[in-house]
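Here is the structure we will look at, set down as structure tokens.
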Amino acid sequence: MTTVIRPVRVFKMGAVRLPDPAPDMSPIDAVRLYAPSYPHLANAELDEPQLVGEELHYAIKLEAVKTKG
């Protein structure tokens, strides 16, 4: 009998690991659930996932800071 193991998604923001708040949602929609605590995640994007052991790591790409002048 074959057992299918679904990797656990983990979102990485630098050294901060954010557990998946909603495994049934798309990765970007799940990350945006953290926006009330981390407002900059409302506009974040994700890198391609990397399989690390039994975890699927998504690196969060933050929008570049725009400055005047």
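At 1.4 Å probe size, with the rest of the protein present, what percent of the exposed accessible area of the chain is carbon and sulfur atoms?
Ligands and nucleic acids excluded, carbon and sulfur reach 56 percent.
Using 0.36 nm times the number of residues separating ALA15 and GLU54, minus their current alpha carbon distance, what extension gain do you get?
Residue separation times 0.36 nm, minus the Cα-Cα distance, leaves 12.2 nm.
Running Debye on the chain with equal point scatterers at the Cα sites and no solvent, what base-10 log of I(q)/I(0) appears at q = 0.15, 0.25 Å⁻¹?
The Debye formula, applied to the Cα set alone, gives -0.51, -1.15.
Rounded to the nearest 500 deg cm²/dmol, what is the calculated helix-only ellipticity per residue at 222 nm for the chain, with -39500 (n - 2.57) per DSSP H run of length n ≥ 4?
Theoretical 222 nm ellipticity from helices: -2000 deg cm²/dmol.
With a cap of 10 neighbouring Cβ atoms within 10 Å, and only residues DSSP puts in a loop, list the trypsin sites (Lys or Arg not before Pro) found in the chain.
Here the trypsin sites (Lys or Arg not before Pro) that fit, given the DSSP loop and packing criteria, are LYS66, LYS68.
The values are calculated or read from the model by the stated rules, or taken from the named source; none is laboratory data. Being a predicted model, the structure only gives us computed values, none of them experimental. Neighbour counts are summed over all protein chains in view; Cβ atoms, including those assigned to glycine, are modelled from backbone coordinates with ideal geometry. Each accessible area value is taken on the protein alone, full model and side chains, heavy atoms only, with ligands, DNA and RNA left out. Shrake-Rupley method; radii C 1.70, N 1.55, O 1.52, S 1.80 Å.
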